[in-house]
Structures are given as C-alpha cells and as structure tokens.
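The values are calculated or read from the model by the stated rules, or taken from the named source; none is laboratory data. If you're wondering where the values come from, they're calculated on a predicted model, not measured in any experiment. In this analysis, Cβ positions are derived from the backbone assuming ideal geometry, glycine residues included, and neighbour counts consider all displayed protein chains. Areas reflect the complete protein model, heavy atoms only, side chains present, ligands, DNA and RNA absent. Shrake-Rupley method; radii C 1.70, N 1.55, O 1.52, S 1.80 Å.
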Amino acid sequence: KQVINLTDIVKNYKVGTQVVRALRSVSLQINEGEYVAIMGASGSGKSTLMNIIGCLDTPTSGRYILNSHDASDLTDDQLAEIRNREIGFVFQTFNLLPRSTALDNVMLPLVYSGIKKQERTERAMEILTNVGLAERVDHKPNELSGGQRQRVAVARALINKPAILLADEPTGNLDSKISEEIMQLFAEIHQQGNTLIVVTHEEDIALHAHRIIRLKDGQVESDEINPNPVI
Ligand code: ADP
Ligand code: ADP
C-alpha cells in the first residue's frame, strides 16, 4: 500500500524580487512499512521536502497524496487536521512541554481524541514501556537525559498510530553512543511495521535505513535500496 505519492513537486520561495527554487520537480513514492532516509547537503531541499511531506507547507505546484488524501492544495486548517491524524513528528530539539511529565507529554496528542482518561493513560504507559521508559513516566524533561527525552518524543509521535513517523535530524543533539541507541529504537519501530522517514545529513544515521534518497539542488539525485542496513 502506498502511503506517500509525490508527483512533480515544485516549491519556490519568493525573497524580495528573487525566486528561490527549493524543489524542482520531485517525484517519489513510499510504501507502507518502508524505512527511508532523506539525505543531502545544506540547502539541497531536505527541510522543504520534509515540510511538504509533513503537511506543514504546501507545494507551489505538483500533486501530493498522503494515505489516500490529496494534500496538494489544502487550507491551513485542513492541513493541520491531516497532519495531526497521519504524521508523528520527531525533532532534533525534542520539543517536549517542559513543565509536564513524560506521561503527560505522551498523552497530549490524545486529549482531543475523545478517548477517556484511563485509556489515554494506559496507552501512554504501554508506549513509554515499549521505548524503555517505564521507570521514568513521572519525570519532567529536565529530569531526563537527552536520549530519554528523545524516547519520550518518539513515544508521543507514535501514540496516535500515525501513517508515518517523520524524524528531522533526530540525533542532531545527541552524542554518538546515544544516537546509536535511538537508531536501535527506530529499527524496532520499523520491525513493528511502522513507516519511517528520517531526514539527516549524517551518513552514519542514514545507513540504518533500508532506502536512501539523496537530494541535490532541489532534485532527487539518487534513490537506492540500502543492501546492508546497520542494525
Ligand atoms: P536543507 O534542509 O537541505 O538545508 P532547505 O529546504 O532548507 O534545504 O532549503 C532549500 C533552498 O531553499 C535553499 O536555497 C534555502 O536557502 C531556500 N529556502 C528554504 N526555506 C526558505 C524560505 N522560507 N524562504 C526562502 N528561501 C528558503
Ligand atoms: P536545516 O538545513 O538545518 O533544516 P534551515 O531549514 O533552517 O536549516 O535552513 C536551510 C537554509 O534555508 C539556510 O541556508 C537558510 O539560510 C535558508 N532559509 C531558511 N529559512 C529562510 C528564510 N525564511 N528566508 C531565506 N532563507 C531561509
């Protein structure tokens, strides 16, 4: 089943009288259960592509189908709705609520879902246990290590059972040992059947993915299966 279908995606930014061509006709398809890394040098268009895939922005032209929804040309409200339903985000900077416990951070996406508090708590406990944080659910972000904070962020991203987990430089703020642990967690999440997209400029991180897409000057330079993903 296809989760992402991008066809001839163009994104231009106007800067004064100049037009920056950030994406110049990008087409790609990603199926359910794939683990994809998107690589490229600074300025190659990674963030722009991630923003479009994550329904944070719309393309200048082209067609984007996300999990059978046409997300090419939506209003901001429509974009927010599809984003909340279909995408789990993980960021370099974790983006956790500082005054809330790990449990409350993870439960937050469920607050508007109509699910009762007891079930919300049970689901959050289960997913925090899955990411190895059963003993830390009552801790606030400043009482957790960087790696533990990112685990909370991963748990929060997954709690709505999103169509895709979209991670932007997920290990950018972590040392190499902790980065490896987070990539192990991603491998487990992939094995559980989730669709993962990791945007990174780090080769070591990309080599964990099963498919590596490289961008250059706003175009797909290469799109290859990784024959030996790092585990
Ligand atoms: P990457 O994430 O690979 O560094 P970006 O998608 O951020 O690449 O940038 C692609 C190109 O678009 C670059 O030339 C960048 O300067 C430009 N760009 C990105 N965002 C904006 C913006 N909001 N306004 C104008 N130009 C932008
Ligand atoms: P990253 O590659 O780490 O995701 P950004 O997306 O913040 O970094 O920026 C990538 C490039 O896009 C940088 O060269 C930056 O100067 C440029 N850029 C980002 N936002 C804008 C903007 N609003 N106007 C012009 N250039 C931008």
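If r is the Cβ-Cβ distance from His69 to Asn95 and R0 is 25 Å, what FRET efficiency results, to the nearest 0.05?
0.55
Eigenvalues of the Cα gyration tensor times 5, then square-rooted: what semi-axes does that give for the stretch 36-91, in whole angstrom, largest first?
They are 20, 13, 10 Å, listed from largest to smallest.
For the stretch 121-178, what does the accessible surface come to per residue with a 1.4 Å probe? Please give it in Å².
For the stretch 121-178, the solvent-accessible area averages 45 Å² per residue.
Out of the total accessible area of the chain (probe 1.4 Å, heavy atoms of protein only), what percent is carbon and sulfur?
C and S fraction of accessible area: 45 percent.
What is the count of Lys pairs in the chain whose alpha carbons sit under 17 Å apart, if the two are 8 or more places apart or on different chains?
Within the chain, the lysine pair count is 5.
Volume per residue, Å³, of the convex hull around the alpha-carbon atoms of the stretch 1-140?
Measuring per residue, one finds 160 Å³ for the Cα hull of the stretch 1-140.
Antiparallel versus total DSSP beta bridges in the chain: what percent is that, nearest 5?
60
Antiparallel as a % of all DSSP beta bridges within the stretch 132-231, to the nearest 5?
Expressed as a percentage, antiparallel bridges in the stretch 132-231 total about 60.
Run the helix sum for the chain: -39,500 (n - 2.57) per DSSP H stretch of 4+ residues, divided by residue count, reported at 222 nm to the nearest 500 deg cm²/dmol.
Counting only the DSSP helices, I get -9000 deg cm²/dmol.
Which value, in debye to the nearest 20, describes the size of the charge dipole of the chain about its Cα centre when Lys and Arg Cβ atoms bear +1, Asp and Glu Cβ atoms bear -1, and nothing else is charged?
Charge dipole of the chain: 440 debye, to the nearest 20.
Apply the a/c threshold of 1.5 to the C-alpha gyration tensor of the stretch 117-170 and tell me whether it is rounded, prolate or oblate.
Judged from the Cα gyration tensor, the stretch 117-170 comes out oblate (a/c at least 1.5, b/c at or above a/b).
For Ala80 and Glu202 in one chain, what is 0.36 nm times their gap in residues minus the Cα-Cα distance, to one decimal in nm?
Here the segment from Ala80 to Glu202 would lengthen by 41.0 nm.
If you average 1/r across every pair of different Cα atoms in the stretch 58-118 and take the reciprocal, what Kirkwood value do you get, in Å?
Value: 14.0 Å, from the Cα pair sum.
Taking the Cα atoms of the stretch 111-231 alone, what are Rg (to one decimal) and Dmax (as a whole number) in Å?
Cα radius of gyration and Dmax of the stretch 111-231 are 15.9, 49 Å respectively.
Can you give me the accessible area per residue for the stretch 2-111, using a 1.4 Å probe, in Å²?
48
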